[in-house]
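*Asks:* Before we start, here is the structure in question, set down as structure tokens.
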Amino acid sequence: MRQTSTLIIMNHSSEEQGSSYGSSDSISRLSAGEPRQNLPLAIIAGLVSSLVGAAIWAGITVATSYQIGYIAIAIGFMVGFAVRFTGHGYTMPFAIVGAFFALMGCVVGNFLSALGFLSIGLDMSFFTLLKEFDYSLAPELMEESFHPMDLLFYGIALWAGFKYSLYQEA
């Protein structure tokens, strides 16, 4: 009984705010047999998919010696869909989780790429460098590898993570 009243309050407040996210009636979704929202699972899926995307981006960047910005967009879509299909969320927190982990995947991917190039330059194993790196130098390393065009791809990844994290009716 308590959960139903919470859904009614959430639905009522969403309509008052005029938000397009979360404004659809939650009760009819639940009664229609749609899966329940699962934010903790969505967070785990967002984290895992962002780390996988970051590793793929770093691997491709180091292997080709070229940063391909489209991979940032792919990370955004991958994180968004992972959050959507695991969390079944149709409210704002799911969109925020998708956007956050899409951005984190891009930033971690750039950081791992920079570490990859540094490990080559130092003739050191990547994993040894990962273990022995002085992480207080991470901002300096990221600043060295930053390009203004990164902001465009980060922005598109954020948008994709935000938009595609929300569960849509079939």
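*Asks:* Send over the semi-axes of region 100-153's equivalent ellipsoid, whole angstrom and largest first, taken as the square roots of 5 times the C-alpha gyration tensor eigenvalues.
*Replies:* Semi-axes, largest first: 21, 12, 10 Å.
*Asks:* A follow-up question, please. Skip the ligands, DNA and RNA, and give the accessible area per residue of region 43-149 with a 1.4 Å probe, whole Å².
*Replies:* Per-residue value: 52 Å².
*Asks:* How much accessible area does THR64 have with a 1.4 Å probe, in Å² rounded to the nearest 10?
*Replies:* In the full protein context, THR64 sits at about 80 Å².
*Asks:* Can I ask one more? Please list the non-local residues whose amide H lies under 5 Å from the amide H of TYR90, H modeled 1.01 Å from N, same-chain partners needing a gap of 5 or more.
*Replies:* TYR167
*Asks:* Turning to a different aspect of this structure: For region 35-170, what does the relative contact order come out to in percent, with C-alpha contacts under 8 Å and a separation of six or more?
*Replies:* Once normalised by length, the contact order is 38 percent.
The values are calculated or read from the model by the stated rules, or taken from the named source; none is laboratory data. The shown structure was predicted, so the numbers you read here are calculated from the model rather than taken from an experiment. Accessible surface areas use protein heavy atoms only, side chains included; no ligands, DNA or RNA. Shrake-Rupley method; radii C 1.70, N 1.55, O 1.52, S 1.80 Å.
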